[in-house]
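Written below as structure tokens is the structure these notes are about.
The values are calculated or read from the model by the stated rules, or taken from the named source; none is laboratory data. Keep in mind it's a predicted model, so treat the numbers as computed, not measured. Here the Cβ is made from the backbone with ideal geometry for all residues, glycine too, and neighbour counts use every protein chain on show.
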Amino acid sequence: MAKTIITQGRTSTEAIEAGLKQLKVSKDKVEIKILENESKRSFFSILTPRVVKVELTLKEEVQEKKMVDSQNHVEKEKKNILNEQEIKQIKERITNFLEQFIKNQPSIKYKIEEEGDYIYIALNGEQAGSLIGYRGETLNAMQVILSSIANKGIDKKVHVILDIEHYREKRKQSLEELADKLARTVIRTEKKVTLEPMSAYERKIIHNRLQDSQRVKTYSIGEEPHRKVVIIKK
């Protein structure tokens with residue numbers, strides 16, 4: 001069954017472009033039908049807003065490709081789901097590492113949970129805060145080590161997320177507040193703002209926070225580990 005959408009704009013070109021953006025295809029991949037032409041306007045409608053409606057229908061081959069891509073994505077996700085034996089092995093390896101790592105720091109407690117192909121590890125306790133490091137550098141280094149341990153001998157990709165004393169949630173809130181504040185500054189001064197170097201995880205928080213803004217946009221510059229986010233007025 002063909003996928004059809006109806007979009008509108010002040011001109012047929014604007015309406016078509018809106019439809020192509022929504023379908024995420026080029027113009028040659030759709031059949032276009034003008035439903036309301038801008039030339040058909042009466043004297044009495046001259047003061048009303050100009051609206052042109054168009055109907056876009058995906059051509060069969062495009063739709064079939066989208067269906068195949070979607071099925072392949074689902075199959076890939078199914079293949080990457082960890083089974084009970086793999087989860088058990090991963091947890092055992094992580095537990096052994098953590099037990100050795102914190103054996104001289106009895107106040108630190110850990111919790112391991114899994115969800116799909118994600119392993120969540122939380123460290124809490126009086127001495128746990130010292131493992132965060134400046135701007136989470138030590139925490140991120142530990143996460144890399146734990147990820148390597150989790151993926152050892154596993155054909156599937158295992159994602160490890162480490163948090164210490166709820167640092168990630170606190171940092172996320174702090175960065176979102178910073179993004180809002182700097183966006184207001186950019187709008188007011190009409191000058192771009194370049195943030196200090198951040199990890200990919202933190203840059204993503206800034207990008208996500210401002211992605212729906214109607215007045216500013218973001219992009220990244222530089223090379224790792226000195227890559228930075230830039231906020232600029234649209």
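Having 2 or more residues that are within 25 Å of residue 220 (Cα to Cα) is the bar; report the strands (runs of 3 or more DSSP E) wholly within region 86-205 that clear it. Outline the logic, then answer.
Numbers: elements: 109-115, 118-124, 159-164.
Because the criterion is at least 2 residues that are within 25 Å of residue 220 (Cα to Cα), the strands (runs of 3 or more DSSP E) in region 86-205 that meet it are 159-164.
Pairs needed: first member in region 97-113, more than 14 Å from residue 127 (Cα to Cα); second member anywhere, in a helix (DSSP H, G or I); C-beta distance under 8 Å; at least 6 residues apart or different chains.
97/145; 97/146; 97/149; 112/91; 112/94; 112/95
Condition first: within 12 Å of residue 57 (Cα to Cα) and either of a type in the set (Lys, Arg) or surrounded by 12 or more Cβ atoms within 10 Å (Cβ to Cβ) (or both). Now tell me which residues in region 7-30 satisfy that.
7, 16, 19, 20, 23, 25, 27, 29, 30
From (1) without any contact (Cβ under 8 Å) to a residue 60 or more places away in the chain; (2) under 17 Å from the mean Cα position of the chain (by Cα); (3) outside the structural domain of residue 125 (by TED's automatic domain parsing); (4) under 28 Å from residue 127 (Cβ atoms), pick out the condition that doesn't hold for residue 219.
Of the numbered conditions (1) without any contact (Cβ under 8 Å) to a residue 60 or more places away in the chain; (2) under 17 Å from the mean Cα position of the chain (by Cα); (3) outside the structural domain of residue 125 (by TED's automatic domain parsing); (4) under 28 Å from residue 127 (Cβ atoms), the odd one out for residue 219 is (4).
Just a yes or no: is a residue in region 209-216 buried (at least 18 other Cβ atoms within 10 Å of the Cβ) and in a strand (DSSP E or B)? Full working, then the answer.
Kept after step one, since they are buried (at least 18 other Cβ atoms within 10 Å of the Cβ), are these residues of region 209-216: 209-210, 216.
From the residues that got through so far, the ones that are in a strand (DSSP E or B) too are 216.
For region 209-216, residues buried (at least 18 other Cβ atoms within 10 Å of the Cβ) and in a strand (DSSP E or B): present.
Mind checking whether some residue in region 91-103 is at pLDDT 90 or above, farther than 20 Å from residue 155 by Cα and of a type in the set (D, E, K, R)?
Looking for residues that are at pLDDT 90 or above, farther than 20 Å from residue 155 by Cα and of a type in the set (D, E, K, R), one finds at least one in region 91-103, hence yes.
With the requirement that a residue be touching a residue at least 40 places away in the same chain (Cβ under 8 Å) and under 30 Å from residue 84 (Cβ atoms), what does region 129-144 give you?
140
Can residue 107 be described as more than 29 Å from the chain's Cα centre (by Cα), hydroxyl-bearing (Ser, Thr, Tyr) and surrounded by fewer than 17 Cβ atoms within 10 Å (Cβ to Cβ)? Before you say what the answer is, go through the steps one by one.
Values: more than 29 Å from the chain's Cα centre (by Cα): yes; hydroxyl-bearing (Ser, Thr, Tyr): yes; surrounded by fewer than 17 Cβ atoms within 10 Å (Cβ to Cβ): yes.
So residue 107 passes the test.
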